[in-house]
Amino acid sequence: MEIKTVGIVGCGLMGSGIVELVAKTGYHVVVREINDEFLTKGLNRVTSSMARAVEKGKLSAAERDAAWARIQGTTDMADLAGVDLAIEAAIENLDLKKSIFKELDQITRPEVILASNTSSLAVTEMASMTKRPAKVLGLHFFNPVPVMPLLEMVRTFLTSEETYQTARKFGEGLGKTVIVSKDAPGFIVNALLVPYLLDAVRLYEAGLATKEDIDTGIKLGLNHPMGPLTLLDFVGLDTTLFIADAMYDELKDPRFAAPALLRRMVTAGYWGRKSGKGFYDYGK
């Protein structure tokens with residue numbers, strides 16, 4: 001089936017990035033949010049991002065205007081009835097995602113592929129809420145979506161070959177490098193990333209080094225673009241804690257047990273860049 005129109009559920013940080021990327025690639029986009037306030041905020045994020053791309057010479061004004069014309073915002077899930085592919089980009093809450101998949105299954109045509117942008121949750125459980133589990137898979141984009149070159153595709157044991165090939169062609173058409181994981185906790189990237197980030201917090205919590213030296217050691221010693229504590233601030237301490245807890249609950253692997261310091265920082269509202277404070281202060 002040819003994909004011409006893409007439906008996206010959620011226009012938050014990840015959803016708005018997917019909206020922008022898909023619209024710039026030439027697809028028509030229908031994006032749904034739960035209310036007008038969240039929808040306006042998300043679409044404003046899209047316009048701001050594209051404006052920056054124009055300023056930097058990465059996008060022409062004509063291309064920006066054409067992409068914007070292909071985007072339709074709505075608060076009514078029924079407006080996704082005519083899409084050829086639906087991508088769920090809601091918050092990382094399995095019950096919420098399952099309810100979205102159940103609704104999408106009822107609204108969209110039977111041949112439409114349903115995908116989740118989840119970074120760690122079980123795609124098979126989402127598929128179980130539908131009458132088309134062979135048409136369900138994960139399409140995990142990375143933040144910021146228009147810039148990061150990776151797309152992590154999650155293929156469950158129920159995903160058909162046709163669905164896999166169609167989704168892979170779609171992802172590569174967006175200009176992404178596609179990697180494929182089975183439906184296991186954390187998939188590829190977070191299964192490796194989360195223990196690394198938690199170990200950095202444990203190192204700092206134990207007082208073995210300053211946060212600056214931990215980050216500098218990784219940047220210069222391993223040639224990473226940023227250190228783990230800076231990366232935690234960028235990803236969000238709350239997001240990392242949620243993923244770690246979800247993986248620990250399923251695997252009971254101590255590598256995913258969150259340090260007390262991380263949990264206390266999240267409780268105190270130290271979520272990283274988005275809250276202005278994390279391991280570093282972004283108030284200025």
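The values are calculated or read from the model by the stated rules, or taken from the named source; none is laboratory data. Given the structure is predicted, the values throughout are model-derived calculations rather than measurements. Here Cβ is always computed from backbone atoms with ideal geometry, including for glycine, and neighbour counts include all displayed protein chains.
Annotations for the structure displayed:
- Of all residues in region 144-155, those that are without any contact (Cβ under 8 Å) to a residue 12 or more places away in the chain and within 17 Å of residue 56 (Cα to Cα) have Cβ atoms under 9 Å from Cβ atoms of residues that are surrounded by 22 or more Cβ atoms within 10 Å (Cβ to Cβ) and not basic (Lys, Arg), 6 or more apart or on another chain, in 147/17; 148/17; 148/141.
- Residues of region 41-55 satisfying the condition of being basic (Lys, Arg), surrounded by fewer than 18 Cβ atoms within 10 Å (Cβ to Cβ) and either touching a residue at least 12 places away in the same chain (Cβ under 8 Å) or not assigned by TED's automatic domain parsing to the domain that holds residue 75 (or both): 41
- Within region 28-40, residues that are over 13 Å from residue 85 (Cβ atoms) and of a type in the set (D, E, K, R) reach partners that are at pLDDT 95 or above and assigned to a strand (DSSP E or B) with beta carbons closer than 7 Å, at six or more positions or on different chains, in the pairs 32/9; 32/74.
- Just one of the listed residues (213, 249) is within 26 Å of residue 121 (Cα to Cα) and either surrounded by fewer than 16 Cβ atoms within 10 Å (Cβ to Cβ) or modelled with pLDDT under 95 (or both), namely 249.
- Residue within region 184-195 that is within 18 Å of residue 240 (Cβ to Cβ), buried (at least 17 other Cβ atoms within 10 Å of the Cβ) and more than 18 Å from the chain's Cα centre (by Cα) present: yes
- Cβ separations smaller than 6 Å between residues 6+ apart or across chains give the following pairs from region 57-84 residues that are more than 22 Å from residue 34 (Cβ to Cβ) to residues that are hydrophobic (A, V, I, L, M, F, W, C) and part of a helix (DSSP H, G or I): 59/53; 61/54; 64/50; 64/54; 67/23; 70/23.
- Matching residues, region 64-89, being in a strand (DSSP E or B), farther than 16 Å from residue 12 by Cβ and among the aliphatic types (A, V, I, L, M): 85, 86
- Contacts under 8 angstrom Cβ, first residue in region 104-127 being closer than 24 Å to residue 190 by Cα, partner of a type in the set (Phe, Trp, Tyr), 6 or more apart: 114/101; 116/101; 117/141; 119/187; 120/187; 124/157; 126/101; 127/101
- Restricted to region 1-52, and to residues there that are basic (Lys, Arg) and not in a helix (DSSP H, G or I), the residue that is farthest from residue 144 (Cα to Cα) is 4.
- In the set 208, 251, 241, 220, only one residue is of a type outside the set (D, E, K, R) and touching a Pro at 6+ places or on another chain (Cβ under 8 Å); that residue is 251.
- Residue pairs whose Cβ atoms lie under 8 Å apart, sitting 6 or more positions apart in sequence or on different chains, and linking a residue in region 13-26 that is touching a residue at least 24 places away in the same chain (Cβ under 8 Å) to a partner that is surrounded by fewer than 24 Cβ atoms within 10 Å (Cβ to Cβ) and hydroxyl-bearing (Ser, Thr, Tyr), are 16/49; 17/49; 20/49.
- Looking at 145, 154, just one residue is part of a strand (DSSP E or B), surrounded by 15 or more Cβ atoms within 10 Å (Cβ to Cβ) and either of a type in the set (Val, Ile, Thr) or at pLDDT 95 or above (or both), and that residue is 154.
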